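The values are calculated or read from the model by the stated rules, or taken from the named source; none is laboratory data. What you see is a predicted model, and the numbers here were worked out from it, not measured in a lab. With ideal geometry, Cβ positions are generated from the backbone for all residues, glycine too; neighbour counts draw on all protein chains shown.
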């Protein structure tokens, strides 16, 4: 069993709603991936001090399902900074609506590239 969600504020927190489900009533993996991309982009934008674009999603793992009514918290952390790229570890925790239990539901590695006004790669500034 995991130790629980990170002790920092999530980059994204949202509620899983019925509109986010497939006909069987399960939350779409694509919806979850979109929340993760928003979180990665938000954190990468702050680190790059400007616009970024997601260029890769690696090592995606779905551990548990997300259910309607779960509060979904997405945490993103910079793990590597290259010349123009930023790699982030993104994990998603769901607080179960019925029990209040926190469960890690998915995680992955996202790579974003800092881009300029012409959508061309630009250097990531030093911290």
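Observations
- Those strands (runs of 3 or more DSSP E) lying entirely in region 27-127 with at least 1 residues closer than 18 Å to residue 12 by Cα and under 10 Å from the mean Cα position of the chain (by Cα): 71-81, 85-95, 102-114
- Whichever residue in region 1-26 is more than 14 Å from the chain's Cα centre (by Cα) and in a strand (DSSP E or B) and, among such residues, is modelled with the lowest pLDDT: 21
- Filtered residue count, region 78-93, keeping only those that are touching a residue at least 24 places away in the same chain (Cβ under 8 Å) and surrounded by 15 or more Cβ atoms within 10 Å (Cβ to Cβ): 11
- Checked against (1) more than 14 Å from residue 16 (Cβ to Cβ); (2) out of contact with any strand residue (DSSP E or B) (no Cβ under 6 Å at 6 or more places or on another chain), residue 77 passes all but condition (2).
- Residue satisfying all of: in region 43-66; over 17 Å from residue 107 (Cβ atoms) and in contact with a strand residue (DSSP E or B) (Cβ under 7 Å, 6 or more places away or on another chain); surrounded by the most Cβ atoms within 10 Å (Cβ to Cβ) among these: 52
- Subset of region 7-22 [over 13 Å from residue 67 (Cα atoms) and either surrounded by fewer than 13 Cβ atoms within 10 Å (Cβ to Cβ) or touching a helix residue (DSSP H, G or I) at 6+ places or on another chain (Cβ under 8 Å) (or both)]: 7, 8, 9, 10, 11, 12
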